[in-house]
Amino acid sequence: VWLNGDHLSHSEDMFTPVRLHLASLAADNDLVIRCSALSPWLATRRPRPRWKTNGASHQSLRWLRTTLLGRQPGWVVTPAPVGPWRPVRLVPWSSYRVLARRLVTACDAVGGGTTRGTVTLDLTVTSDLGTDGAPMEATLEVGGVEAALAVEAVGDRLRLSGTASVDDVQRWWPHTHGPQPLYPVTVRLGAARLELGAVGFRTLEVDPHGGGFHLAVNGTPVFCRGGCWYPIDPVTYNAP
């Protein structure tokens, strides 16, 4: 990856995001991403594998962190991905970097036929300012509802934890049974704003009656079956 002629990054791992801190940008900028061919890389001699796999078109693909879709024998012709996977975004720099996060959602019915949703967060961040200069007050925001978070300094990191409750949430359903409403989750730590994605609220139960395995979403039985599934869009690997 080059920006305005300066080399910024090199990656051989499809599944690890590349995040770069840009000190400044010009009015006009050139971003160049070069994707090298895999053939020379695969031709490099490597240790002999303990076993061979029929699930890949080349045995050396096991040494590379990339998808095998498009690079494995099968009954569907799928093109191999080339280029950036996932969006390329330019966002304001935060002095905090998320190291680990755990979001757990739950929901329960309350009076009047409404549903209350809860989000429990356990977040670990690192700060360029150090823990001494970091604010010790943080807020969790879910769907417009705010809740205070406990902040604990652990070495050079900050651990944030807490729970937010949202009244009258809309339940998430499988696409065959209803809509899939999502609620954005944000943490404010001082002047920084950390976007943690979006969550949905639903219950999931398993009924093993009669030796079976029956799933119920939001109390409604749903039929599930297994199978080998290729993404609907073989170029972006995203389903609409």
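Overview of results
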{"read-out": "Area accessible to solvent at PHE213, 1.4 Å probe radius, in Å²", "value": "150"}
{"read-out": "Positive minus negative residues near ALA56 (Lys, Arg vs Asp, Glu; Cβ under 10 Å)", "value": "+3"}
{"read-out": "Prolate/oblate/rounded label for the chain (Cα gyration tensor, a/c 1.5)", "value": "oblate"}
{"read-out": "Whole-Hz ³J(HN,Hα) from phi, Karplus 6.51 cos²θ - 1.76 cosθ + 1.60, for the stretch 45-52, glycine and proline x", "value": "6, 9, x, 5, x, 5, 8, 9"}
{"read-out": "Area of SER11 that stays accessible when all protein chains are in place (1.4 Å probe, Å², to 10)", "value": "60"}
{"read-out": "Per residue, in Å², the accessible surface of the stretch 50-112 once ligands and nucleic acids are set aside, probe 1.4 Å", "value": "78"}
{"read-out": "Percentage relative contact order, the stretch 1-121, counting C-alpha pairs under 8 Å, at least six apart", "value": "18"}
{"read-out": "Calculated P(r) tail over 20 Å for the stretch 67-200, as whole % of Cα pairs", "value": "58"}
{"read-out": "Cα centroid separation - the stretch 174-215 against the stretch 1-69, whole Å", "value": "32"}
{"read-out": "Label zone at SER95 (point 7 Å along Cα-to-Cβ), backbone N below 17 Å, the stretch 138-161", "value": "138-139, 152-154, 156-159"}
{"read-out": "Karplus-derived 3J(HN,Hα), 6.51/-1.76/1.60, for each residue of the stretch 155-165, Hz, glycine and proline x", "value": "x, 9, 10, 10, 10, 10, 8, x, 9, 10, 10"}
{"read-out": "Rounded percent of accessible protein surface that carbon and sulfur make up, the chain, 1.4 Å probe", "value": "53"}
{"read-out": "Nearest-0.05 FRET efficiency for LEU64 and ASP6, computed from C-beta distance (R0 25 Å)", "value": "0.40"}
{"read-out": "Accessible area in the full protein assembly, largest first, 1.4 Å probe, for LEU99, LEU204, LEU38", "value": "LEU204, LEU99, LEU38"}
{"read-out": "Gyration tensor (alpha-carbon) shape descriptor, the stretch 57-132, a/c threshold 1.5", "value": "oblate"}
{"read-out": "Highest-first arrangement of 18-25, 54-61, where packing means the average Cβ count within 10 Å", "value": "54-61, 18-25"}
{"read-out": "Per-residue SASA entry for ASP30, accessible area with 1.4 Å probe, Å² rounded to 10", "value": "110"}
{"read-out": "Whole-number percent relative contact order across the chain, with pairs defined as alpha carbons under 8 Å at least 6 apart", "value": "12"}
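The values are calculated or read from the model by the stated rules, or taken from the named source; none is laboratory data. Just so it is clear, the structure is predicted and the values come from calculations on it, not from any experiment. No Cβ is skipped: glycine too gets one built from the backbone with ideal geometry, and neighbour counts run over all protein chains shown. The area values use the complete protein model at the heavy-atom level, side chains included, leaving out ligands, DNA and RNA. Shrake-Rupley method; radii C 1.70, N 1.55, O 1.52, S 1.80 Å.
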